[in-house]
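*Asks:* Please see the structure below; I have some questions.
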Amino acid sequence: MRDILPPESARWRRFVRHFDDIVSRAGYGQIVPPLLEDIGVFHRVGEATDIVTKEMYDFVDKGERHVALRPEQTASVCRAFVQHRPATPWKVWYSGPNFRYEKPQRGRYRQFDQVGIEVLGADDPLLDVEVIALGWRFLSSLGLRKVGLSINSLGEPADRAAFVVALEAHFQSNIDRLTPESRATLLKNPLRVLDSKRPEDVSVISEAPRISDFHGEVARDSFAAVLDGLRALGIPFVVDEKLVRGLDYYRLTTFEFVGGTLDSAQNALGGGGRYDGLVEDLGGPATSGVGFAIGLDRTLLACDDEGVFPVEERNLDAFVVDTTGGTHALVLTELLRTNGFSADRAYENRSMKSQMKAADRSGARYAIIVGSDEASAGTVVLRPLREVGEQTTIGREELLSTLKKVQS
Ligand code: HAM
């Protein structure tokens with residue numbers, strides 16, 4: 001778990017604001033689910049996945065309730081849907097931290113942030129396209145260029161079940177060729193063996209049955225419609241039949257946004273898909289769902305690698321330098337701030353030199369200087385810090401109007 005300090009924290013806020021902008025314009029409203037839920041809410045995320053079996057931060061609270069810090073937010077959104085029964089289609093977005101007890105490394109943390117969207121109660125495959133397009137557009141708008149879209153369809157539950165049986169039979173009959181890690185995965189969830197990136201597993205995996213051979217009519221039609229929709233929007237994609245995703249609730253469309261600059265174990269910037277049974281599993285009516293989450297920590301690493309969406313320089317309007325030791329700096333910064341300017345000042349009655357250094361460091365456009373002459377004349381010196389220009393001495397009553405003028 002990490003501390004996010006300024007100025008990086010400002011970039012985080014900008015990231016979320018930017019996401020809010022894009023998805024709000026597409027009709028999504030914000031949901032703020034709690035960090036903590038009854039552990040049962042998360043069981044459906046994947047009883048056969050590490051996220052649920054090994055990585056949850058769970059404990060029994062003072063009321064003897066078994067609770068967990070959320071490892072993701074899709075299950076919470078579905079729980080909220082069941083609880084509040086909003087009109088459908090229910091389009092929501094979220095941001096915030098999630099917790100998984102993973103082995104930390106670059107791009108993988110125990111507390112990490114996501115932004116995401118979910119739509120509940122609409123079956124249309126073109127909605128899958130809208131969802132994917134929003135994620136794609138968001139990542140592009142950060143300036144990222146080395147991002148790929150991988151897509152697959154896991155079929156309907158019956159297709160998927162038949163595929164899992166065939167997959168299990170294939171891996172069982174080739175068990176000697178699998179690594180011990182993959183053998184252990186096979187016992188829990190044959191689908192997840194497809195995730196293995198260990199070179200020794202590659203050939204058995206490449207000979208495995210393909211999910212597309214198990215697609216029924218619904219899955220075939222829906223997947224074709226999704227791919228056609230992506231083509232219509234000019235969004236490039238790669239069909240990856242091995243893309244099963246790390247959570248159990250998916251059916252039909254699954255997808256990942258893959259970062260081109262990151263290590264392959266952590267290169268998914270975001271992912272999502274359809275999860276038509278999840279609301280029902282949580283005690284609600286049969287309701288379809290589709291969405292994605294994008295990892296903020298990891299996406300910012302990709303931005304650093306590509307040199308885009310940089311930390312912004314601080315851009316204060318003014319820094320007040322007061323060498324009189326009185327209350328001028330206090331009063332002037334307050335005046336500026338209440339009139340809509342951003343302003344800062346130095347403290348502890350430092351020397352002129354030290355205060356000017358602080359003014360430079362602050363990134364302010366202007367220093368507003370008050371020495372004993374200005375104090376007695378009721379004036380201030382306005383000195384440009386970031387552009388060439390002469391300093392001017394002006395009356396205090398002109399300060400606000402002059403600043404407004406030079407700013408526009
Ligand atoms: P996920 O693939 O588990 O999906 O996570 C989505 C993204 O969160 C990942 O692609 C990654 O960027 C980020 N992420 C996950 N774990 C970590 C970690 N330990 N450290 C840093 N970043 C991480 C979900 O969470 C689903 N709820 C997505 C979804 C929404 N599906 C449907 N709707």
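Residues are listed down the side, and each one gets a yes or a no for (1) farther than 24 Å from P6 by Cα; (2) surrounded by 13 or more Cβ atoms within 10 Å (Cβ to Cβ); (3) among the aromatic types (F, W, Y); (4) under 38 Å from the mean Cα position of the chain (by Cα):
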position	(1), (2), (3), (4)
F309	no, yes, yes, yes
G325	yes, no, no, no
D344	no, yes, no, yes
Y366	no, yes, yes, yes
E390	yes, no, no, no
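*Asks:* For residues that are under 22 Å from R145 (Cβ atoms) and near the ligand (Cβ under 7 Å from one of its atoms), tally how many sit in region 287-296. Give the steps one after another, and end with the answer.
*Replies:* Applying the first criterion (under 22 Å from R145 (Cβ atoms)) to region 287-296 yields 292-296.
This time we only want the ones that are near the ligand (Cβ under 7 Å from one of its atoms), so: 292-295.
Result for region 287-296: 4.
*Asks:* What's the number of the condition Q355 fails, among (1) closer than 23 Å to H18 by Cβ; (2) open to solvent by less than 40 Å² (accessible area, probe 1.4 Å); (3) more than 16 Å from the ligand (Cβ to nearest atom)?
*Replies:* In the conditions (1) closer than 23 Å to H18 by Cβ; (2) open to solvent by less than 40 Å² (accessible area, probe 1.4 Å); (3) more than 16 Å from the ligand (Cβ to nearest atom), Q355 misses (1) alone.
*Asks:* Can you find, within region 275-302, the residue that is nearest to G121 (Cα to Cα) among those that are among the aliphatic types (A, V, I, L, M) and in a strand (DSSP E or B)?
*Replies:* Ranking the candidates gives V290 first.
*Asks:* A follow-up question, please. Taking R44, is it closer than 15 Å to P97 by Cβ and open to solvent by 20 Å² or more (accessible area, probe 1.4 Å)?
*Replies:* no
*Asks:* Every residue in region 48-77 that is more than 15 Å from the ligand (Cβ to nearest atom) and either in contact with a Pro (Cβ under 8 Å, 6 or more places away or on another chain) or acidic (D, E) (or both), please.
*Replies:* Result: D58, D61, E64.
*Asks:* Hey, does region 370-377 have a residue that's open to solvent by 40 Å² or more (accessible area, probe 1.4 Å), under 19 Å from L316 (Cα atoms) and free of Cβ contacts under 8 Å to residues at least 12 places away in the same chain?
*Replies:* Scanning region 370-377 turns up no residue that is open to solvent by 40 Å² or more (accessible area, probe 1.4 Å), under 19 Å from L316 (Cα atoms) and free of Cβ contacts under 8 Å to residues at least 12 places away in the same chain.
*Asks:* Considering only region 105-135, how many residues are open to solvent by less than 10 Å² (accessible area, probe 1.4 Å), in contact with a helix residue (DSSP H, G or I) (Cβ under 8 Å, 6 or more places away or on another chain) and either aliphatic (A, V, I, L, M) or more than 9 Å from the ligand (Cβ to nearest atom) (or both)? First the steps, then the outcome.
*Replies:* Taking region 105-135 as the starting set, the residues that turn out to be open to solvent by less than 10 Å² (accessible area, probe 1.4 Å) are 107, 115-120, 128-129, 131-132, 134-135.
Within this subset, residues satisfying the condition of being in contact with a helix residue (DSSP H, G or I) (Cβ under 8 Å, 6 or more places away or on another chain) are 107, 115-120, 128-129, 132, 134.
Adding the requirement that they be either aliphatic (A, V, I, L, M) or more than 9 Å from the ligand (Cβ to nearest atom) (or both) leaves 115, 117, 119-120, 128-129, 132, 134.
Selection size over region 105-135: 8.
*Asks:* Go through (1) more than 9 Å from the ligand (Cβ to nearest atom); (2) under 28 Å from H84 (Cβ atoms); (3) touching a helix residue (DSSP H, G or I) at 6+ places or on another chain (Cβ under 6 Å) and name the single condition T261 misses.
*Replies:* Checking T261 against (1) more than 9 Å from the ligand (Cβ to nearest atom); (2) under 28 Å from H84 (Cβ atoms); (3) touching a helix residue (DSSP H, G or I) at 6+ places or on another chain (Cβ under 6 Å), the one that fails is (2).
*Asks:* Something else about it: Could you say whether any residue in region 297-305 is charged (D, E, K, R), buried (at least 22 other Cβ atoms within 10 Å of the Cβ) and within 16 Å of the ligand (Cβ to nearest atom)?
*Replies:* yes
*Asks:* While we're here: Return a yes/no flag: does region 312-325 have any residue that is more than 16 Å from V16 (Cα to Cα) and within 16 Å of the ligand (Cβ to nearest atom).
*Replies:* no
*Asks:* Then there is this: If T287 passes every condition in (1) open to solvent by less than 60 Å² (accessible area, probe 1.4 Å); (2) modelled with pLDDT of 95 or more; (3) farther than 18 Å from V119 by Cβ but one, which one does it miss?
*Replies:* Of the numbered conditions (1) open to solvent by less than 60 Å² (accessible area, probe 1.4 Å); (2) modelled with pLDDT of 95 or more; (3) farther than 18 Å from V119 by Cβ, the odd one out for T287 is (3).
*Asks:* Could you grab me the full set of residues in region 121-165 that are of a type in the set (D, E, K, R) and outside any helix (DSSP H, G or I)?
*Replies:* Within region 121-165, D123, D124, R145, K146, E156 qualify.
*Asks:* Test E334 against the stated conditions and say whether it is in contact with a Pro (Cβ under 9 Å, 6 or more places away or on another chain) and either of a type outside the set (S, T, Y) or at pLDDT 95 or above (or both). Walk me through it before giving the result.
*Replies:* Details: in contact with a Pro (Cβ under 9 Å, 6 or more places away or on another chain): no; either of a type outside the set (S, T, Y) or at pLDDT 95 or above (or both): yes.
Against the criterion (in contact with a Pro (Cβ under 9 Å, 6 or more places away or on another chain) and either of a type outside the set (S, T, Y) or at pLDDT 95 or above (or both)), E334 does not qualify.
*Asks:* Which one is nearest to F309 (Cα to Cα), of the residues in region 1-27 that are hydrophobic (A, V, I, L, M, F, W, C), assigned to a loop (DSSP other than H, G, I, E, B) and touching a Phe, Trp or Tyr at 6+ places or on another chain (Cβ under 7 Å)?
*Replies:* Looking at residues that are hydrophobic (A, V, I, L, M, F, W, C), assigned to a loop (DSSP other than H, G, I, E, B) and touching a Phe, Trp or Tyr at 6+ places or on another chain (Cβ under 7 Å), I get I4.
*Asks:* Moving on. Looking only at region 15-41, which residues are open to solvent by less than 40 Å² (accessible area, probe 1.4 Å) and either within 27 Å of A87 (Cβ to Cβ) or basic (K, R) (or both)? Quick ask: steps written out before the conclusion?
*Replies:* Of the residues in region 15-41, the ones open to solvent by less than 40 Å² (accessible area, probe 1.4 Å) are 15-16, 19, 22-23, 26, 28-29, 31, 33, 37, 39-41.
If the condition is that a residue be open to solvent by less than 40 Å² (accessible area, probe 1.4 Å) and either within 27 Å of A87 (Cβ to Cβ) or basic (K, R) (or both), then V16, F19, I22, V23, A26, Y28, G29, I31, P33, E37, G40, V41 are the ones that fit.
*Asks:* For R231, state whether it is open to solvent by 30 Å² or more (accessible area, probe 1.4 Å) and at pLDDT below 95.
*Replies:* no
The values are calculated or read from the model by the stated rules, or taken from the named source; none is laboratory data. Small disclaimer: the values here were computed from a predicted structure and weren't measured. All Cβ positions, even for glycine, are placed from backbone atoms using ideal geometry, and neighbour counts span all protein chains on display. Side chains included, ligands, DNA and RNA excluded: accessible areas come from the protein's heavy atoms. Shrake-Rupley method; radii C 1.70, N 1.55, O 1.52, S 1.80 Å.
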